[in-house]
Structure formats: C-alpha cells, structure tokens
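The values are calculated or read from the model by the stated rules, or taken from the named source; none is laboratory data. For clarity, every value in this text was computed on a predicted model and none was experimentally measured. Cβ coordinates were reconstructed from backbone atoms using ideal geometry, including for glycine residues, and neighbour counts include every protein chain displayed.
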Amino acid sequence: MASSPPKKTLNSQSSSLSRPPQAVKFGRRTSSGRIVSLSRDDDMDVSGDYSGQNDYINYTVLMPPTPDNQPAGSSGSTSESKGDANRGGGGGGGDGPKMGNKLERRLSVMKSNNKSMLLRSQTGDFDHNRWLFESKGKYGIGNAFWSEEDDTYDGGVSKSDFLDKPWKPLTRKVNIPAKVLSPYRLLIVIRLVIVFFFLWWRITNPNEDAMWLWGLSIVCEIWFAFSWILDILPKLNPINRATDLAALHDKFEQPSPSNPTGRSDLPGVDVFVSTADPEKEPPLVTANTLLSILAVDYPIEKLSAYISDDGGAILTFEAMAEAVRFAEYWVPFCRKHDIEPRNPDSYFSIKKDPTKNKKRQDFVKDRRWIKREYDEFKVRINGLPEQIKKRAEQFNLREELKEKRIAREKNGGVLPPDGVDVVKATWMADGTHWPGTWFEPKPDHSKGDHAGILQIMSKVPELEPVIGGPNEGALDFTGIDIRVPMFAYVSREKRPGFDHNKKAGAMNGMVRASAILSNGAFILNLDCDHYIYNSKAIKEGMCFMMDRGGDRICYIQFPQRFEGIDPSDRYANHNTVFFDGNMRALDGLQGPVYVGTGCMFRRYALYGFNPPRANEYTGVFGQEKAPALHVRTQSQASQTSQASDLESDTQPLHDDPDLGLPKKFGNSTMFTDTIPVAEYQGRPLADHMSVKNGRPPGALLLPRPPLDAPTVAEAIAVISCWYCFGTIDMLC
C-alpha cells in the first residue's frame, strides 16, 4: 500500500563531496531518547576502502512511528533492554525468541478481538496499514499484496472485508472561496468603522436649536445601526451545504443481510398542502402542486400527501379528485421518462427542447398523448364551478318537486298558500349534501360553521411494486411502477365560538389526522402554489435528518424559487438576497428561520419534545455544558430499571416527564400511541459506532397496515373542535 514518504531528520557529520556511498541505518527515537533500529540488517557488512571510517556508520535516518513503518522488532516500550533495541526486525518477524514472543502476543490479541481492533474509530473502514503490520500480509512494491492461494488470514480477516464500503457521511459543508468571502468581510469591517465614527460625530455635535429633534434622530439612527449590525454580522460566516444522494441510496436502499431484497429503509414523509379559498387560490394551481408531490422521487409506500381545505369548498374537493385520476397517468409517465420538473403546468411551459437527454423512442408519442390529456384535465378543472352549479340546480329542482308533491298529498291536492320552502343545498356527485360550505351559506354549511371532512382519495399503496403493461389507446407502462402514493383530503371542523387559529390551526389538525392515518416521521409543508421543482428534494432533506447527529435537527428550510419574473428581476422578486444570502448566513450562526412554507419538520419536535441528547449551556458565556434535565431523568430511570442493558434513549416514551398525557395531547389513545413510533422511526441508522440514538438497519421494512373504518373515524375525531377543549396542547 503506497504511502507518502515520512519526514526525515538527518543527523550526520560533515564530509567532502568526494566521499564514497554511505552505510545508512534507519531508526526512530523512543520516549526515553534512545534510537531503535528499523534496518532490516542491523549488522551490515561494511567493506571497501571506507570500512574503517566510523563517521559514515553513524549516519542515521530518524523515521516517525507510523503504522506502515513499524516492524515487529520495535514495540515502542521504554523498558526494552539494550540488546532488544539494537536487534534488527523485518516486516514479518524478529530475530531471537523474545521477538518471536512479541509477534505471537500481538497476533494472539488480534485473534481474540477478531477484526474489531482493525476498524478505524472515525470511519469504520478497514485499517490496511495496521493489518499489514499485525498479520501475515505480504508486501509488494508500493502496495499491499494478497496471495491468491490464501483467502483468509489470522484474525478472521478475508478479502471480503476489503471490498466493504466504508461508512460515509450523507452531508458536508462546502467552503466558500476566500477570494469571495475575504473582500466581503473586509467591506463589513470598513462599514462598521464608518458607522461608529458617524454615530460618534453625531452624538458629540448636538443641535442646540432643536435638541428634542436632534435627540429623536440620534435614537433612530442608533436603532437602525443596531438593526443593521444584527443583520450583517451573521454574514461573516455563511455556509454552503451539499448532500450525497449516492451514499443515501447505498445506506438505505441497497441489499444487505438485514435487507436482502433491497427494499427502502427510509422513514415515512407526510406532505401537507394548505388552501383556504378557491376564488383566491385557483384549484388548478393546487392540483399542479399535488401532482408534483405524487410524482416525487421517493419510496412510494413511504410517502403520503394531504390537502387542508380550510374553506370546506366542494370545488377544491372535486378538483383534487380529478387530479388523482390524472395522476394515474402522469406519475408513471414521469418515472418512465425521468421528467423534470414534475409540475405538469411548468413542464409543458419550459422553453428548452423537451427531447434533450431523452433516449426512449416512444418519448415523443408519450409526451404528445399526455399533453393532450393534461389539456383536457385543465378544461375539466376550469369547468367544475359551472358543472357543480348545474348539478345543484337539478338536485334542488328535484327536491322542490318532491316537496310540492308531498304538500299536495297532505293538503288535498292543492299547494299551501304560503308555498313550499326548499333549502337550496350544494350537492355532491353521489346525490348527497356536501357537508362543507354551500354556494348559498346556511347554518352548519358556511365557511366558519361546517363539519369535519376527511376523504381518502388514493389508498395506501402496495408494498411490492405494481408493474404496468401495454394499454390500448394510452401509454405503454411496461416495466414501470404504476403505484400512486396515498392522498387524503382534509377539512377540519369549524364552529362559531371556537378560536381556529387560521393556517396554524389547520396545520395542527393535519398533524393529528396524519398521525392516525400514516404517521410519517417527517412532515413537509407547502403552500398551494409552491410545487416541488426537484423530484429528489425530499431525499436531499432526508440526508440531513438521517446523517450522524441528525436526531438533533428540528427542521430543514428549503429555498424558494419563483417563476414568471422578468430575467433582469428589476424589482427583486426572486428574493435572492434573503434565500441565498441571509439564510446561508443564519445557517452559519445557528440555523435558518422558518419562512412558513417549504420546510421539512421532524414530527417528534412538533409535539414539543426536546432532542433526545439535548444539552444545557450555563455560565456567563455558555461555556459550561451538561445534559438537559429530561436526559438526566431518563438516564436515572435507565440505571434503576430492570433492563439495565438498555440505554436512556431506548426507554419507553411514557417515562418521559414532558409527555403529560392526556392533558397535553387529548384523550385519543390511538393518537398518543403514534408518538413513540414516530420518534423511533425518525432516528438515524445505527450503522456505525459513532451514531448515537440510532435504530437498527432494516427496522422500517414492514408494510403499512391498510386503513379501516375505525381508523378513519378516529382521524375525523381528532380534527373536531371539541377534541382540544380543556387541554394545553400546543397542537390545538
């Protein structure tokens, strides 16, 4: 195994340029100051005209004791005898019985510990240098040579150990070039100096004629300067981060002893989309956002989508039903041809050549067909308001005729003088009243007064892929997985006299409902007009959550990008200063702020729990660090528990003093039972000794149970107005 040449320290006497070649001895200096010989032949035979010149024999090269230049004859102990220190030792053994005993002791230690001693503490991969030093490995020229006839050597080490991939981090920090950052830092320092001298001049030169005006202006200038300093100082240390999707795939989706079939071991993700008014937020835009979510590149059985319609509008409800029907073609089409972006409206609006990098011969035909289907889909969505109104008129007319017939039968064949009063309702396609808001609002059917609605529009997908085939008159999905993720329409109950907390309350209702239905360990919330531009965005967010130490991350804020803006961006509508400047700067300080959308949360953190390995920082400047109170409590409970082999982070969640059931989370035991499951599934993979609070590989391979009527009924119950009444739950 090639290695860089060690640093040499030369200790020799001066000589002329005409002196003959020297006899060189290699050695290293021990802690006691003696030089231990590392030469293969310590007693070299020096012959020639220069054999009597002792000054050449004293030429010694001191080499540091790195693993690749430590022979078995040098143990580094300061208690060696002088004879042992001067005895030469080769790479495969030493001279004399004492050196043989040392080698045997080392090999016996390695045999007893198998190969655990040979794992590097930081990376977990195999230490080749140490193996060559402590085993019977043979040296080639510049690299390690493994004999073909031997497959396994002492210590249980085989060729397969060298073929295993080492542990890799999923994320890394990318340094900003100094030529970019240093001038900016210098500019900040210059600005600070100028601001300081300006304020000093303003304070020391008051306006005697208008002191009150001067004082007011001084206060305002100092406040604005302080605000500017708070904004500019974090920008001294901006951070760029990069993810490794290949490492994520190797870690969670590759076949292994714990996962023979290579099924995804990633945790579940629930995506929330919020809307409130179909007039201000067109259903077609919301439908495109939903289609981009359903087509995202993430394990289908681990993904669930939810629409929160806070207005309870039947227009949004039926638009989502149309979107799910179109998704049965759009989602497999995106997988088949690797479409980006997967928002159909944005995809069909791109100006570049759509055939670029496309290799399938049927792409043009498929694209032409799906484009025609999307145009028809848009026509159906745009025609829904008129269609729903015509349907309501027909059903209301039928009800009016029915009521008139009943009135005539009761009144002897004539109508009552005051006529028949028929409520003009809004009807669903199945001939029942819409439980939400009607076109003509009535009690129990208005925007702030309606029942809770929950409709599973796309069922829980099968665990195994469902491969499509040729379809007459449609797309050929042969070899393509045609499954669609689960999707649910949710409209929480609203009643007069209850504080519903607008969008925050809608999100809290979906947190409880999704915990009952899918219980994804992570939640991604989006506005109805913010679609997923990169289909691998969720996997990139998962790189941060599943990396070492990821259990301490509460949320990940994605940047926003905007369409339909002029290329010059003369009005700064792209908001690049905030997302590309301020957010990166705050990430270098502690973390970016939550901007209200495009954010992936850890579900367990939304419940109000502290991180499992939280620390408390005390002292004047926070220099004293100690485990947080709940961590110490769990540790004490672990010590007194009968299962003493379990660590504090694996104790049952009901031992947590912060839980406070049921005062905090309501009376739904089905909901509270999902809390420890979400916490466990959100842990990083315990595939290395440095990963704390991890879960074993292969723990999330079991299929999700199908939804039944009692489960859906419980999900409707937790989004009712009365559920949180009398609790202190932050989710209500």
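A quick yes/no check of all residues on (1) of a type in the set (A, V, I, L, M); (2) surrounded by fewer than 18 Cβ atoms within 10 Å (Cβ to Cβ); (3) in the same structural domain as P496 (by TED's automatic domain parsing):
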site: D366; (1), (2), (3): no, no, yes
site: K371; (1), (2), (3): no, yes, yes
site: I406; (1), (2), (3): yes, yes, yes
site: L415; (1), (2), (3): yes, yes, yes
site: T437; (1), (2), (3): no, no, yes
site: D444; (1), (2), (3): no, yes, yes
site: I456; (1), (2), (3): yes, yes, yes
site: E462; (1), (2), (3): no, yes, yes
site: P465; (1), (2), (3): no, yes, yes
**Report entry** Options Y617, Y571, Y607: the member that is within 21 Å of I523 (Cα to Cα) and either surrounded by 14 or more Cβ atoms within 10 Å (Cβ to Cβ) or outside the structural domain of R185 (by TED's automatic domain parsing) (or both)
**Finding:** Y607
Query - Verdict on F252 being aromatic (F, W, Y) and not assigned by TED's automatic domain parsing to the domain that holds D527 - result: yes
Query raised in the report: Which condition breaks for K390 when tested against (1) assigned to a helix (DSSP H, G or I); (2) in contact with a Phe, Trp or Tyr (Cβ under 8 Å, 6 or more places away or on another chain)?
Result: (2)
Query - Filter result (outside the structural domain of E540 (by TED's automatic domain parsing) and among the charged types (D, E, K, R)) within segment 574-602 - result: D580, R584, D587
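Would you call K351 over 23 Å from M486 (Cβ atoms) and either in contact with an Asp or Glu (Cβ under 7 Å, 6 or more places away or on another chain) or not in a helix (DSSP H, G or I) (or both)? Break it down into steps so the answer makes sense when it comes.
Details: over 23 Å from M486 (Cβ atoms): yes; either in contact with an Asp or Glu (Cβ under 7 Å, 6 or more places away or on another chain) or not in a helix (DSSP H, G or I) (or both): yes.
Judged against the criteria, K351 is a match.
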Query raised in the report: Among the residues of segment 268-278, is there at least one that is in contact with a Cys (Cβ under 9 Å, 6 or more places away or on another chain), crowded, with 22+ Cβ neighbours inside 10 Å and not β-branched (V, I, T)?
Result: yes
Report task. With the condition kept exactly as written, say whether any residue in segment 268-275 is assigned by TED's automatic domain parsing to the domain that holds D529, over 23 Å from H688 (Cβ atoms), touching a Leu at 6+ places or on another chain (Cβ under 7 Å) and hydroxyl-bearing (S, T, Y). Result -> no
Query raised in the report: Out of segment 695-721, which residues are out of contact with any strand residue (DSSP E or B) (no Cβ under 6 Å at 6 or more places or on another chain), farther than 21 Å from E301 by Cα and either small (G, A, S) or in a helix (DSSP H, G or I) (or both)?
Result: P710, A713, E714, A717, S720
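Looking at segment 683-725 only, could you name the residues that are over 29 Å from W167 (Cα atoms), within 29 Å of the chain's Cα centre (by Cα) and of a type outside the set (G, A, S)?
Kept after step one, since they are over 29 Å from W167 (Cα atoms), are these residues of segment 683-725: 704-725.
Next cut, within 29 Å of the chain's Cα centre (by Cα) only: 704-707, 711-712, 715, 718-719.
Result: R704, P705, P706, L707, T711, V712, V718, I719.
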Report task. Answer yes or no as to whether R405 is assigned to a helix (DSSP H, G or I), within 30 Å of Y489 (Cα to Cα) and out of contact with any Leu (no Cβ under 7 Å at 6 or more places or on another chain). Result -> no
Report task. Would you mind stating whether G549 is in the same structural domain as M320 (by TED's automatic domain parsing), among the small types (G, A, S) and surrounded by 19 or more Cβ atoms within 10 Å (Cβ to Cβ)? Result -> no
**Report entry** Contacts under 6 angstrom Cβ, first residue in segment 584-598 being touching a residue at least 40 places away in the same chain (Cβ under 8 Å), partner of a type in the set (D, E, K, R) and in a helix (DSSP H, G or I), 6 or more apart
**Finding:** A585/K235
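So which helices (runs of 4 or more DSSP H) stay within segment 482-593 end to end and still have 2 or more residues that are touching a Pro at 6+ places or on another chain (Cβ under 7 Å)?
On the way: elements: 502-517, 537-545, 583-589.
Filter on segment 482-593 gives 583-589.
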Report summary line: Inside segment 216-238, the number of residues satisfying the requirement of being surrounded by 13 or more Cβ atoms within 10 Å (Cβ to Cβ) and either in contact with a strand residue (DSSP E or B) (Cβ under 6 Å, 6 or more places away or on another chain) or among the small types (G, A, S) (or both) is 2
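Looking at segment 327-334, is at least one residue under 25 Å from N519 (Cα atoms) and not acidic (D, E)? Full working, then the answer.
Going residue by residue through segment 327-334, those that are under 25 Å from N519 (Cα atoms) are 327-328, 331.
Of the ones still in play, those that are also not acidic (D, E) are 327, 331.
Taking every residue of segment 327-334 in turn, at least one turns out to be under 25 Å from N519 (Cα atoms) and not acidic (D, E).
For (1) in contact with a Leu (Cβ under 6 Å, 6 or more places away or on another chain); (2) at pLDDT 90 or above; (3) not assigned by TED's automatic domain parsing to the domain that holds A313, each residue gets a yes or a no:
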| residue | (1), (2), (3) |
| --- | --- |
| K352 | no, no, no |
| T355 | no, yes, no |
| F363 | no, yes, no |
| F377 | no, yes, no |
| I381 | yes, yes, no |
| K390 | no, yes, no |
| Q394 | no, yes, no |
| L397 | no, yes, no |
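Considering only segment 464-480, I want to know if a residue exists there that is part of a strand (DSSP E or B), within 30 Å of G564 (Cβ to Cβ), touching a residue at least 40 places away in the same chain (Cβ under 8 Å) and of a type outside the set (S, T, Y).
Here is the first cut: in segment 464-480, the residues part of a strand (DSSP E or B) are 467-468, 478.
Pick out the ones that are also within 30 Å of G564 (Cβ to Cβ) and you get none.
No, segment 464-480 contains no residue that is part of a strand (DSSP E or B), within 30 Å of G564 (Cβ to Cβ), touching a residue at least 40 places away in the same chain (Cβ under 8 Å) and of a type outside the set (S, T, Y).
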Query raised in the report: For segment 280-313, what are the residues that are aliphatic (A, V, I, L, M) and in a strand (DSSP E or B)?
Result: L303, A305, I307, A313
Report summary line: Going through segment 675-697 in order, the residues found to be crowded, with 16+ Cβ neighbours inside 10 Å and touching a Ser or Thr at 6+ places or on another chain (Cβ under 8 Å) are P697
Query raised in the report: In segment 478-497, which residues are buried (at least 21 other Cβ atoms within 10 Å of the Cβ) and over 26 Å from the mean Cα position of the chain (by Cα)?
Result: S491, R492, E493, K494
Requested in this report: Please list, ordered by first then second residue, the pairs with beta carbon atoms under 6 Å, 6 or more apart or interchain, first in segment 418-429 and in the same structural domain as L401 (by TED's automatic domain parsing) and free of Cβ contacts under 8 Å to residues at least 60 places away in the same chain, second surrounded by fewer than 18 Cβ atoms within 10 Å (Cβ to Cβ) and not basic (K, R).
Outcome: V420/E403; V420/A407; V422/E399; V422/E400; V422/E403; K424/N396; K424/E440; A425/H433
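Only residues that are within 15 Å of A321 (Cα to Cα) and assigned to a helix (DSSP H, G or I): list them for segment 372-387, please. Show your work before the answer.
Looking only at segment 372-387, we keep the residues that are within 15 Å of A321 (Cα to Cα), and these are 374, 376-385, 387.
The answer is Y374, E376, F377, K378, V379, R380, I381, N382, L384, P385, Q387.
Would you check if F439 is modelled with pLDDT of 90 or more, of a type in the set (F, W, Y) and part of a loop (DSSP other than H, G, I, E, B)? Quick ask: steps written out before the conclusion?
Numbers: modelled with pLDDT of 90 or more: yes; of a type in the set (F, W, Y): yes; part of a loop (DSSP other than H, G, I, E, B): yes.
The answer is yes for F439.
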